[in-house]
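Data block below; observations after.
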Amino acid sequence: MELPLSADFALIKAHKADTLGNLVYKGTARCFNPIMAMAARVTIVEVDRLVQPGELDPEVVVTPHIYVHRIVEVAR
């Protein structure tokens, strides 16, 4: 049996997030980012675009806000 994955910090890159921390990914970023967000004690997210709650379609949210602790918006 494999031991569970754990980390103190996870540095995650997302395409969009609302100010609560719900994350939407672009391309292959949705492969491992949600898993690491759930495995880490503290999740820090870099996003391209930060929007207000309610602006994201709930059907495209991959990582819910409960796993996100810090959000940093980086304009490209």
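The values are calculated or read from the model by the stated rules, or taken from the named source; none is laboratory data. All figures in this text were calculated on a predicted structure; none of them were measured in a lab. Heads up, the Cβs are rebuilt from the backbone with ideal geometry, glycines too, and the neighbour counts pull from every protein chain shown. Quick note on the areas: whole protein, heavy atoms, side chains included, nothing else; ligands and nucleic acids left out. Shrake-Rupley method; radii C 1.70, N 1.55, O 1.52, S 1.80 Å.
Things worth noting here:
- Annotation note: of GLU55, GLU46, GLU2, the sole residue that is closer than 14 Å to ILE71 by Cα and acidic (Asp, Glu) is GLU46.
- Any pair with Cβ under 7 angstrom, 6 or more apart, that starts in the range 59-74 at a residue that is closer than 15 Å to ARG49 by Cα and open to solvent by less than 70 Å² (accessible area, probe 1.4 Å) and ends at one that is in a loop (DSSP other than H, G, I, E, B) and not β-branched (Val, Ile, Thr): VAL61/ASN22; ILE71/GLY21
Listed here are the residues, each with its yes/no results for (1) exposed (fewer than 15 other Cβ atoms within 10 Å of the Cβ); (2) touching a residue at least 40 places away in the same chain (Cβ under 8 Å); (3) aliphatic (A, V, I, L, M); (4) not in a loop (DSSP other than H, G, I, E, B).
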residue: MET1; (1), (2), (3), (4): yes, no, yes, no
residue: THR43; (1), (2), (3), (4): no, no, no, yes
residue: PRO53; (1), (2), (3), (4): yes, no, no, no
residue: ASP57; (1), (2), (3), (4): yes, no, no, no
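- Residues (modelled with pLDDT of 95 or more and either surrounded by fewer than 14 Cβ atoms within 10 Å (Cβ to Cβ) or aromatic (Phe, Trp, Tyr) (or both)) located in the range 20-40: TYR25
- Top-ranked residue of the range 3-19 - restricted to ones that are open to solvent by 30 Å² or more (accessible area, probe 1.4 Å) and closer than 19 Å to ALA75 by Cβ, ranked as nearest to the chain's Cα centre (by Cα): LYS13
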